[in-house]
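**Student:** Attaching a single structure in structure tokens format; questions to follow.
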Amino acid sequence: MVRVSTEVWIRMVAAAVLAAGLASPGVEAQQSNGGDPPGTMAAYAASIFSAEPSSTENGLTLLLPIGARAVGMGRAVTAQRGTESAFWNPAGLARIENGRFLVLRGDHLAGEATALSLLLARQPLGTLTFSYQLLDLGDQDFVDKDQNVLGTVSFRDHLGIVSFASQVLPWLDTGLNFKVFQTRMTCRGQCTDSGVTGTTYFLDAGFLAIPLQALPLRLGVMVAHLGPDLQLINAEQADPLPTRLRVAATYEVLNHFFDREDMELWATAELEDRFRDLGSPVLYLGAEFMAGRGDQVFLRAGYGQGQTGQPAGMAVGLGIHYQQFEIGVGKALSSTSLLDESEPVQVTFGVIF
């Protein structure tokens, strides 16, 4: 049996998008694997995924960051409340007062991500949110053994999310995401079949707690991407999703120095670990300074240790809330392990209704 190496697949796709040549650009269309007919997309997919049998997780693109606030705070947002929480900890949606429509855009080194999110707030019942993300991982030539181009292979990931969050106690918020994830490899040109598609369903579950009413301290815990294995080629080559456990604490520090309600500074520390193999946590640190009441300005900064295929180091961000509009930008300042280039800017735009 040949194991699927999704990590290698992400590196190859990123190389194809950026024309950087990190992976072999000429995978032969005639290579066959596991009985698949030569020239089919299943054989092509198997030839890619068999490059390095090192990864034991599938759907690693689910770990790519989305949202200007999350990126600007170095991903340390599990204990934060906010409109981007459907993509992080759904419990952070519980106390939103007004409905919103968000557009989130991020040009990762691995591809271009575009997300939409509709938030429907009905307090004190809670918040219902519908979100969708398209990750365009780029195109790659489909060639035969003589390097003749037969067609173009496109890589796309689709993610749909239905979120519900509610304040169950004065000090406790809970949230749940139901997600549908589909990764698709399609071919245009002289292809013998339509492509390879893998679909799975999974959950995120989290909560936010204020354990001590006398202190501005919030704790956040969540499990992300908990569900069945993702099958791309056949049942034998199905691998588990990148399920993660996240634990975070955030504290408002300015109250010790100033007695002002129009200024806040939240400092956050977060640990993330593999849910099925605990023991190698990754540390994220973040800070967000807010000034203003009605119209507000947010300054953000963060730091992450990083992990395979993800950026490590500093991040910065800026947010503005003006009347019925919200806009944020965030950028990781360090390079990824894929290429010696920094991550592009992430943008979030929201309309309040």
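The values are calculated or read from the model by the stated rules, or taken from the named source; none is laboratory data. Source: prediction; values computed, not measured. All Cβ positions, glycine included, derive from the backbone under ideal geometry; neighbour counts span all protein chains shown. These area figures cover heavy atoms from the full protein model, side chains too; ligands, DNA and RNA do not enter into them. Shrake-Rupley method; radii C 1.70, N 1.55, O 1.52, S 1.80 Å.
**Student:** Using 0.36 nm per residue, how much length does the chain from His158 to Ile352 gain when fully extended, once their Cα-Cα distance is taken away?
**Tutor:** Values: separation 194, 0.36 × 194 = 69.84 nm, distance 2.57 nm.
Contour length minus the Cα-Cα distance gives 67.3 nm.
**Student:** Quick check: residue separation of Phe257 and Phe101 times 0.36 nm, minus the Cα distance between them. What number comes out in nm?
**Tutor:** Working: separation 156, 0.36 × 156 = 56.16 nm, distance 3.61 nm.
Extra length from Phe257 to Phe101 when fully extended: 52.5 nm.
**Student:** Tally Lys and Arg at +1 and Asp and Glu at -1 over the other residues with C-beta under 12 Å from the C-beta of Arg260: what net charge comes out?
**Tutor:** Details: positive: Arg293; negative: Glu252, Asp259, Glu261, Asp262, Glu264.
Net of charged neighbours comes to -4.
**Student:** Now a separate question. At a Förster distance of 45 Å, what's the computed FRET efficiency of Gln324 paired with Gln213, Cβ-Cβ distance as r, to 0.05?
**Tutor:** Values: r = 33 Å, r/R0 = 0.72.
Given R0 = 45 Å and the Cβ-Cβ separation, E is 0.85.
**Student:** Ignoring ligands, DNA and RNA, what accessible area per residue does the stretch 81-192 give at 1.4 Å, in Å²?
**Tutor:** Working: 4620 Å² over 112 residues.
That works out to 41 Å² for each residue.
**Student:** For the stretch 206-229 and the stretch 127-159, compute the distance between their C-alpha centroids and round to whole Å.
**Tutor:** Going from one Cα centre to the other spans 34 Å.
**Student:** Work out the FRET efficiency for Leu299 and Asp273 from their Cβ-Cβ distance, taking R0 = 45 Å, and round it to the nearest 0.05.
**Tutor:** Working: r = 29 Å, r/R0 = 0.65.
The calculated FRET efficiency here is 0.95.
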